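Below is one structure, written out as structure tokens; the observations come after it.
The values are calculated or read from the model by the stated rules, or taken from the named source; none is laboratory data. As the structure is a prediction and not an experimental result, all values here were calculated from the model. Because the Cβ atoms are built from the backbone with ideal geometry, glycine has one as well, and the counts that use them run over all protein chains shown. Heads up: the accessible areas ignore ligands, DNA and RNA and are worked out on the full protein's heavy atoms, side chains in. Shrake-Rupley method; radii C 1.70, N 1.55, O 1.52, S 1.80 Å.
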Amino acid sequence: MSFLILVSVGSYSQSLSSSPYSIFGLGSLYESNFGTLPGIGSSGIALPSNRFINNLNPASLGFMYKNHFIFDVGANAIQTSYQDLSKKESRNNVQFSHIAFAFPLTSKSAVSLALKPYSSAGFKISDYKLPIQDSDEEYTLSAIGTGGLNNFDISYGHRIGNKLSLGLSTSILFGSTKDYREYAISNSLTNIEKESFYNGVRLNISGQFKVDSTFTIGTTFKSPSKVNATKVQSVVTYNADLDTSTSVESDAQSDTDDFYLPFELGFGFSKQFKNNLNLTMDYEKAFWKNTNQADLYGSYLNQEKFKMGVSYKKGNNIRRYFDRIQFSTGLHYDTGYLEIDNKRIENKAISFGISLPIENTFSVLNISYSYGQKGRISNGLIKENYHKISVNLSLDGIWFVKRKFE
């Protein structure tokens, strides 16, 4: 059954996403990457956290430099156009990306704390006609949704020897979504206003191994998890023939269907060449099908992501600013985990980035641009084309080092 029509774009201060696909599940899953990662196609499972916080792999913290404290904050500006077979609309959006900091505990271990969005719901659908099952009649659906989930990560990495590091991260998920839907059948109208509250915990174990000074491999494993849900709901029905209204529920509190996150695994490698060129490649898979979940308008499939990035800088001569500027580019392909009307909702993007050093430290201003497409133009479906500019500031400080000169 086809579900989506072209989104009617509005302004939602409570929501990061304006995608009509965010009507599913917990909303559109949000990919928040720190440091230089947005410029290299969001790859980097094998990159160490020696100069930036690598939120893709907690084991990277085991390679963090002693006495250094790193603070990272970021935001995105997105311009998106939505197109179906007959119509095209667009909107602009500015989003908070993340705030995080990391610091070493010993010469071989470090901790990071990070707050970022996990998912966001921001959709508006107007006067969409759907068939009534086992009937020749139709009903009309209008819906508005806002809100989303937040993700608070506590990560720890510990290095064993000089080559192997192991990591553990605990993700605390919390947040709420608001959903207003109107169903019209003949002369009857039903309004359902619902606010859902979610909370859950998820574990991530990982590793990084330095094969040699130029080649590193990494892996991550995210546990399956249940996100607990409750709701407050009001239901009112109207009958145009009788000119009456009936309150079926009024701010009724109850449990609702919990949401299940899948087991996820990821593998990646990083290879540095003599001319300061670095190549990263990642593969990730999420086993959504095993969660045995279904949506009224679609189904969940196993998801795969393929990421690749290349970065380059001329040298490390601190006296020459241009030598320390890093340039990057990357590719990102996501098969998606939703299937609507037997069609996957895929996402593909290309990115470019630049990292501008601040003074003679590891502090860097990272700026990246990416262009991507999500979904497709088809009967009942839409395609999203987006331009995204990501800006994050990574500040490095040195702790507990005695002054050599007074």
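For the chain, what is the per residue volume of the convex hull drawn over the alpha-carbon atoms, in cubic angstrom?
Roughly 156 Å³ of hull volume per residue.
Its Cα centre serving as origin, the chain has a Cβ charge dipole (Lys and Arg +1, Asp and Glu -1) of approximately 3020 debye.
Note on the chain: dipole from Cβ charges, positive end direction compared against Thr329, Gln373, Gly200; the farthest Cα belongs to Thr329.
Please sort by residue number the GluC sites (Glu not before Pro) in the range 79-162 whose DSSP state is loop and whose Cβ has at most 14 other Cβ atoms within 10 Å. Those satisfying the criteria are Glu137.
With the charge dipole of the chain set up from +1 on Lys and Arg Cβ and -1 on Asp and Glu Cβ about the Cα centre, the Cα lying farthest toward the positive end among the listed residues Val94, Thr216, Ile389 is that of Thr216.
GNM remark for the chain: springs join alpha carbons under 10 Å apart, and the peak mean-square fluctuation among Ser60, Ser270, Ser245 falls on Ser245.
Have a look at Ser355, Thr190, Asn162 and report the one farthest towards the positive end of the charge dipole of the chain, computed about the Cα centre with Cβ charges (Lys/Arg +1, Asp/Glu -1). Final value for the positive-end residue is Asn162. The charge dipole of the range 109-149, taken about its Cα centre with unit charges on the Cβ atoms of Lys, Arg (+1), Asp and Glu (-1) only, comes to about 540 debye.
Can you give the percent of C-alpha pairs in the range 40-111 whose distance is more than 16 Å? The answer is 61 percent, as a whole percent.
Using heavy atoms of the protein chains and a probe of 1.4 Å, the accessible area assigned to Phe327 is about 80 Å². Within the assembled protein chains, the solvent-accessible surface assigned to Ser234 is about 30 Å², based on a 1.4 Å probe. Solvent-accessible area per residue in the chain equals 49 Å², computed with a 1.4 angstrom probe and all protein chains kept.
Taking all protein chains as present, what is the carbon and sulfur share of the accessible area of the chain, in % to the nearest whole number, probe 1.4 Å?
Roughly 55 percent, rounded to a whole number.
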